[in-house]
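Colleague: Can you keep this structure in mind? I'll have questions shortly.
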Amino acid sequence: MQIKLWINNKEFNDDIAPDMLLLDFIRSKGFLSVKRGCETSNCGLCTVMLDNKPVLSCSALAVRANEKHVTTIEGLEKEALEFGGFLADEGAEQCGFCSPGFIMNVLAMKNELINPSEREIKKYLEGNLCRCTGYMGQLRAIKKYLSRVKEGSYENS
Ligand code: FES
Ligand code: FES
C-alpha cells in the first residue's frame, strides 16, 4: 500500500506492506536513533513523536503515520543537546542506549505538563527503562532542566 509521511520535515512516499511497523519504516530511512528494544511496548526506546505526541513506534503500524509528521531526536537536535547536558552533569547517562527514547519523552512532557510534580514526572516517564543507571540522576536532571526552561533560559516550544 502507498503511504506519504514526513520524518523531521522530509517527505517520504513509499509502497509498503500493510503490516510494516513504524519502527522498521523509520529505521529503513536511516533514522537510527530510534532503537529496537523490547518490541513489546515496555521499554520506551523506540519513542518518536507523531504529530507532536509521543508514540511507541514498535507498537504502531507505519500506515498509522500516513499523511502525518514523525519527529525523531535527529529533528530536535538543539533541545536534545540542551537536556543531554543536564543528564551528563548528573551522571545519568552511561551506555546511552536508552537516551534517545528517554529524551523524546522528557521533551514531550515539557510541552504537555505545566510545572509537573515529582510524582507526575515519574508517572509520565514510567515507560522508559534504563538498564545502567538508577533513576535518581535522571530525576535531578529533569528538575534542573525544567526549572531552567521555566526561568526562560531555554525556549519552551
Ligand atoms: S522497543 Fe518499543 S517499547 Fe521497547
Ligand atoms: S544509560 Fe544505559 S540503558 Fe540507560
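Colleague: What is the local net charge at PRO100, summed over the other residues whose Cβ is closer than 14 Å to its Cβ (Lys, Arg +1; Asp, Glu -1)? Show your work: numbers first, answer last.
Modeller: Details: positive: ARG27, LYS35, ARG36; negative: GLU74, GLU77, GLU79, GLU93.
The answer is -1.
Colleague: Karplus couplings for the range 97-110 from phi (6.51 cos²θ - 1.76 cosθ + 1.60, θ = phi - 60°), rounded to Hz, Gly and Pro as x?
Modeller: 4, 7, 4, x, x, 5, 4, 4, 6, 5, 5, 5, 5, 4
Colleague: Taking only Cα atoms of the chain, what ratio of Rg to Rh do you get with Rh as the Kirkwood inverse-distance radius?
Modeller: Rounded to two decimals, Rg over Rh is 0.98.
Colleague: Right, something else. Collect residues whose amide H, placed 1.01 Å from N in the peptide plane, falls under 5 Å from the amide H of ASN128; neighbours closer than 5 in sequence don't count.
Modeller: Answer set, sorted by chain and number: none.
Colleague: Using each residue's phi in the range 40-48, evaluate 6.51 cos²θ - 1.76 cosθ + 1.60 at θ = phi - 60° and report the 3J(HN,Hα) Karplus result to the nearest Hz, with x for Gly and Pro.
Modeller: 10, 6, 10, 10, x, 5, 9, 5, 9
Colleague: Hey, another quick one. Quote the FRET efficiency, to the nearest 0.05, computed for CYS95 versus GLU11 with a Förster distance R0 of 30 Å and r equal to the Cβ-Cβ distance.
Modeller: Plugging the Cβ-Cβ distance into 1/(1 + (r/R0)^6) gives 0.35.
Colleague: Picking from VAL106, ALA65, ASN52, whose Cα lies most toward the positive end of the charge dipole for the range 47-107 (charges on Cβ: Lys, Arg +1; Asp, Glu -1)?
Modeller: Sorting the options by dipole projection puts first ALA65.
Colleague: If one takes the longest principal axis of the Cα atoms in the chain, at what angle in degrees, from 0 to 90 and to the nearest 10, does the Cα axis of helix 77-89 lie?
Modeller: 40
Colleague: Find how much the distance from CYS132 to GLU74 grows on full extension, using 0.36 nm per residue of separation minus their present alpha carbon separation; answer in nm with one decimal.
Modeller: Working it through step by step, the gained length comes to 18.6 nm.
Colleague: With θ taken as phi - 60° and the coefficients 6.51, -1.76 and 1.60, list the Karplus ³J(HN,Hα) couplings across the range 133-146 in order, rounded to whole Hz; mark glycine and proline as x.
Modeller: Values per residue, Gly and Pro as x: 9, x, 9, 5, x, 4, 5, 4, 4, 5, 4, 5, 5, 5 Hz.
Colleague: For LEU21, which sequence-distant residues (separation of 5 or more, or a different chain) have an amide H within less than 5 Å of its own amide H, given hydrogens modelled in the peptide plane?
Modeller: Result for LEU21 returns ALA62.
Colleague: Output the peptides 44-55, 104-115 sorted from most to least packed, where packing is the average of other Cβ atoms within 10 Å over each peptide's residues.
Modeller: 44-55, 104-115
Colleague: Go ahead and estimate [θ] at 222 nm for the chain from helices alone: -39,500 (n - 2.57) per DSSP H run with n ≥ 4, summed, over the residue count, rounded to 500.
Modeller: Taken over the chain, the calculation gives -11000 deg cm²/dmol.
Colleague: For the chain, give me the percentage of DSSP beta bridges that are antiparallel, rounded to the nearest 5 percent.
Modeller: Taking every DSSP beta bridge within the chain, about 85 percent pair in antiparallel fashion.
Colleague: Sticking with this one: Listed here are the pairs LYS4/LYS150; LYS29/LYS150; LYS78/LYS143; which of them are more than 30 Å apart at the Cα? It would help to have the intermediate numbers written out before the result.
Modeller: Working: LYS4/LYS150 37 Å; LYS29/LYS150 36 Å; LYS78/LYS143 19 Å.
Beyond 30 Å: LYS4/LYS150; LYS29/LYS150.
Each value in this text was obtained by applying a stated rule to the coordinates, not by laboratory testing. None of these values were measured; they are calculated from a predicted model. Heads up, the Cβs are rebuilt from the backbone with ideal geometry, glycines too, and the neighbour counts pull from every protein chain shown.
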